[in-house]
Amino acid sequence: MTSRKTYYITTPIYYVNGRPHIGSALTTLCCDFLKRFRMMRGEDTWFLTGTDENATKNQEAAQEAGVDPLDFVTRLADDFRQAWDGMAYAYDDFIRTTEPRHVRTVQEVFRRLRDTGDLYRGTYEGWYCVSDETFFRETDVRDDHLCPNEECRKPLRRVQEENWFFRLAAYGDRLLEHIEANPEFLQPASRRNEVIGFIKQGLRDASVTRSNNGWGIPVPDEPDKVIYVWFDALINYLSATGWPDDPETYARLWPASVHMMAKEIFVRFHATLWPAMIIALGLPLPQTVYAHGWWVGSGGKKEGKRTGGLPHPLELVRDIESRSGASHELAVDALRYLLLREMVFHGDSEFSEENFLRRYNADLANDLGNLCNRTVSMVGRYCDGVGPAAQPDPEIGAVVAECVREYETVVDEFRFHAALEAAWKIVSRVNRYIVDQAPWNLAKADRRDELDVTLTTCIEAIRVLSILVAPAMPHASAALRQQLGLAEGQPQWADASRWGASSGLRVATPRPLYPRIQDLTAEPLPTPPEKERAMEPQPTDTVAAAPTAKPTITYDDFAKIDLRIADIIEAEPVPNADKLLKLTVQVGDETRTILAGIAEMYEPAELKSKQIVIVANLAPRKLRGIESQGMLLAADVDGQAVILQPETEVPAGAPVR
Ligand code: MSP
């Protein structure tokens, strides 16, 4: 029976002695994204993750804790499983290197390579780092005999052992040939070049066994030796296909479509040793081995630059959830979005929770959340809650089509942040379109046809966005679709290219998906020096006369006005005042009430969580019995107010100059 080749995606198997953090969560998320994206395109997929448990240090740690090593690693492996379940990673299989199915495959690989002569006996004498599970040459080791890996620096052990060696050196040329003939094999290109350089320096045969201290996979027929953890761990990708006992599953899965990882295990292990082992076994090579950069923590040197200070993903989710009031599922999606969007895939990215929260407010609360909220509110208000049956704007349709194409291209290049950027181009274009079209004016002037086109365009854009965000944000995708009144079920990729596919949808009651985070507890952003200079008073004769009806004022006159950024916390209608809205705003530590004549242009729901500019030192004045403590700034467009907002998220209370 022949079956369709499955898109088979793998993460590294994580060492159980570390706990899950946003670094390992990122790699696993990339795989989840790929799986969901490919599934949406109608492909069969298989997503493997798991844990690497045969390291000597696990046995040592278990002994120290007085626990049975297998129980010890089982508990640690469960922590990973729970973290990935909590992040809604839809893995199909979770492999543990202590499982019999893996032991069986590893021993079979060993037997076959011993039979073909790819493994030979030799004496290994040199230095070994237990923490890194790595052998080092004499020339790599300094006089201090500490691990040469700057992040480790633990004492090395001198070892002299009778071992089995793998003839890695013999595979250099074949590897180079394959790499050069298959540009998609090692990605990104910058890292491929590193591998080419590494192989050209000359590969050395690798010692693949160690003496047996009671933990690890025994060498077949030689119980005094165990198989070196890296040799064992890499084989997990093959064990999970059922090789050699289950040829049918193997044929469906192998070769892997993508091995995903970060850069530190790419060059030596996944781009050389592993492919050489596969060639030696006579099996086909994986299609792509991809390495992204690191999330770099700000924390302790002790833990290392890479992971020190990196939080557990679910801790961050809880933080986002409690600060914003978003539902748990949507907070999970928020973190999924932020991890992918804030990461520069080809380089390293420094983790900053403050940046994450700012982007949450900007991209999720303001841009995406508002687009959905104001659209659904307007359909409720102007169309009795039923989307009109008009043709959506073709110009916006062309922008959307271009973004959909771009999204697909960059996902195939594993540039996930760029895919989300492409989706958010639609978000900002359509938010701008709403301001340009001013549907509130169209409604007022009873320009029904134009209003219908505008609202249909917004609905269509959100429908397409619900497809584009689905791989990163499956719950948010479902929430967007629920808000639009689309039928439940998995979105299909092909529908992203059907501009105008929906009409007459009954929208739901508007619900803010991503409430703004009010308290960022962040340091204010430093003002760049050039900006400060630009704000200094200018001699009056260099200022061009502005086309205004008002007399010129001096800088000192202007400086009397205390302009501030404020966060809108609440907005509500004022009884018996059609034009007025009562805004509750946060300015630094202070909460104020401001009345604004914007009721005809803005729905209270869409204002909530916006940032505005206010005149903070205007004398208070009473309107309709309510005291207004300041004034909101808005552009006057033919008598209609369009509020002014900072271009990016800034701390509430920041002065405006
Ligand atoms: N057990 C080996 C892998 C064997 S695969 C056959 C191992 N484990 S690990 O727990 O150290 O995981 C390393 C992988 O976790 C990285 O390659 C990457 O996928 C992920 N990350 C760990 N720290 C990370 C960051 N700080 N940033 C990004 N990814 C990170 O090596």
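The values are calculated or read from the model by the stated rules, or taken from the named source; none is laboratory data. What you see is a predicted model, and the numbers here were worked out from it, not measured in a lab. Cβ: placed from backbone, ideal geometry, glycine included. Neighbour counts: every protein chain shown. Surface areas here come from the heavy atoms of the whole protein model, side chains and all, with no ligands, DNA or RNA. Shrake-Rupley method; radii C 1.70, N 1.55, O 1.52, S 1.80 Å.
Applying a 4.7 Å Cβ-Cβ cutoff to the chain, the cysteines left without a disulfide-compatible partner are 30, 31, 372, 383, 403, 458.
Coupling constants for the range 272-279 follow from the phi torsions by the Karplus curve (6.51 cos²θ - 1.76 cosθ + 1.60, θ = phi - 60°), and in residue order they are 10, 4, 5, x, 5, 4, 5, 4 Hz; glycine and proline get x. For the chain, the 222 nm mean residue ellipticity estimated from helices alone, with every DSSP H stretch of n ≥ 4 adding -39500 (n - 2.57) and the total spread over all residues, rounds to -12000 deg cm²/dmol.
When Rg and Dmax are taken over the Cα atoms of the range 142-234, they come to 16.8, 44 Å.
Model label sites at residue 138 and residue 490, defined 7 Å from Cα along the beta-carbon direction, differ in position by 5.8 nm.
Surface composition of the chain: carbon and sulfur atoms hold 49% of the protein heavy-atom accessible area at a 1.4 Å probe.
Here the relative contact order of the range 9-134, from alpha carbon pairs under 8 Å that lie six or more residues apart, stands at 30 percent. Multiplying the residue separation of residue 120 and residue 503 by 0.36 nm and removing their Cα-Cα distance gives an extension gain of 130.9 nm. Computed from backbone phi with θ = phi - 60° and the Karplus coefficients 6.51, -1.76 and 1.60, the 3J(HN,Hα) list for the range 54-68 is 8, 5, 4, 5, 5, 5, 5, 5, 5, 4, 4, 7, x, 10, 4 Hz; x is used for glycine and proline.
Shape analysis of the range 553-643 yields a ratio of the Cα radius of gyration to the Kirkwood radius, Rg/Rh, of 0.97. Checking the cross-link pairs 5/263; 444/579; 425/610; 582/622; 579/610 against a 21 Å limit on the alpha carbon distance flags 5/263 as lying beyond it. Here the spin labels are modelled as points 7 Å beyond Cα on the Cα-Cβ line, and at residue 405 and residue 381 they lie 3.6 nm apart. Report, in degrees rounded to the nearest 10, the 0 to 90 angle that the Cα long axis of helix 474-484 makes with the longest principal axis of the chain. The angle comes out near 30 degrees. Please give the FRET efficiency for residue 398 paired with residue 593, using the beta carbon to beta carbon distance and R0 = 60 Å, rounded to the nearest 0.05. After rounding, the FRET efficiency stands at 0.85.
Using the eigenvalues of the Cα gyration tensor, what equivalent ellipsoid semi-axes result for the range 385-527 when each is taken as the square root of five times the eigenvalue, whole Å, largest first?
Here the semi-axes work out to 25, 21, 17 Å.
On full extension of the chain, what length is gained from residue 444 through residue 318, given 0.36 nm per residue of separation minus the C-alpha to C-alpha distance?
On the way: separation 126, 0.36 × 126 = 45.36 nm, distance 4.36 nm.
Gain on extension, residue 444 to residue 318, equals 41.0 nm.
Label-to-label distance for residue 154 and residue 180 is 4.0 nm, based on points extended 7 Å past Cα in the beta-carbon direction.
Rolling a 1.4 angstrom probe over the protein heavy atoms, how many square angstrom per residue are accessible across the range 553-643?
For the range 553-643, the per-residue accessible area is 51 Å².
Taking 25 °C and 0.890 mPa s as conditions, the range 7-292 diffuses translationally at an estimated 125 µm²/s according to Stokes-Einstein applied to its Kirkwood radius (Cα pairs). Helix 448-468 and the long axis of the chain differ in direction by around 20°, with both axes built from C-alpha atoms.
Amide H contacts of residue 570: 584, each under 5 Å away and 5 or more positions distant or on a separate chain (H built 1.01 Å from N in the peptide plane; Pro and chain starts excluded). Taking max minus min of the alpha-carbon positions on each principal axis, the range 1-97 gives extents of 50, 34, 16 Å, largest first. In this structure the amide hydrogen of residue 656, modeled in the peptide plane, comes within under 5 Å of the amide hydrogens of 563, 564, 565, none closer than 5 places in sequence on its chain.
Heavy atoms of the protein chains alone define the surface here; on that basis the range 215-266 has 28 Å² accessible area per residue at 1.4 Å probe size. Distant-in-sequence amide contacts of residue 7, defined by a placed amide H-H separation under 5 Å and a gap of 5 or more residues or a different chain, comprise 44, 45, 46. Residue-wise HN-Hα couplings along the range 500-517, as the Karplus relation 6.51 cos²θ - 1.76 cosθ + 1.60 with θ = phi - 60° gives them from phi, are x, 6, 10, 7, x, 6, 8, 6, 8, 5, x, 9, x, 6, 10, x, 5, 8 Hz; Gly and Pro carry x. Built from the Cα atoms of the chain, the convex hull projects on average onto 36.4 nm², one quarter of its surface area.
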